[in-house]
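Working notes for the structure below.
The values are calculated or read from the model by the stated rules, or taken from the named source; none is laboratory data. On a predicted model such as this, the values are computed, not experimentally measured, just so you know. Here the Cβ positions follow ideal geometry from the backbone for every residue, glycine too, while neighbour counts run over all protein chains shown. Heads up: the accessible areas ignore ligands, DNA and RNA and are worked out on the full protein's heavy atoms, side chains in. Shrake-Rupley method; radii C 1.70, N 1.55, O 1.52, S 1.80 Å.
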Amino acid sequence: MRFAVMENYPALKGNQNVMQLQEELTSTENRIAFARQFYNDSVMRYNTRIQVVPTNLIANLFGFREEPFFEVPAAEQEPVKVDLR
């Protein structure tokens with residue numbers, strides 16, 4: 001957990017730099033999640049479009065193939081750990 005270190009060091013809670021870092025980490029995680037969702041939505045539309053008539057005829061003619069969704073391994077889904085020592 002990213003906030004566990006702050007619980008061990010109460011003085012860090014009031015430090016404005018730590019609070020800004022905390023906000024920036026949260027914001028970055030949200031932007032990454034949004035980008036991943038946008039990519040997967042785009043892949044879903046692309047994969048659907050190459051399967052539907054008449055675009056599937058052109059897709060097959062030019063060799064368009066389905067693209068995989070972006071998936072994050074479970075081990076990499078853990079929150080970022082920041083050591084402030």
Legend entry - Qualifying residues in region 36-85 (those that are hydroxyl-bearing (Ser, Thr, Tyr) and more than 16 Å from the chain's Cα centre (by Cα)) - the one least open to solvent (accessible area, probe 1.4 Å): 55
Inset, instruction - Could you grab the pairs with beta carbons closer than 7 Å, sequence gap of 6+ or different chains, first residue in region 25-37 and polar (S, T, N, Q), second one in a helix (DSSP H, G or I)? - result: none
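Residues checked against (1) modelled with pLDDT of 90 or more; (2) among the aromatic types (Phe, Trp, Tyr):
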| residue | (1), (2) |
| --- | --- |
| 16 | no, no |
| 19 | no, no |
| 34 | yes, yes |
| 40 | yes, no |
| 48 | yes, no |
| 52 | yes, no |
| 72 | no, no |
| 77 | no, no |
Inset, instruction - Considering only region 43-85, state which residues are over 30 Å from residue 30 (Cα atoms) and polar (S, T, N, Q). - result: 51, 55, 56, 60
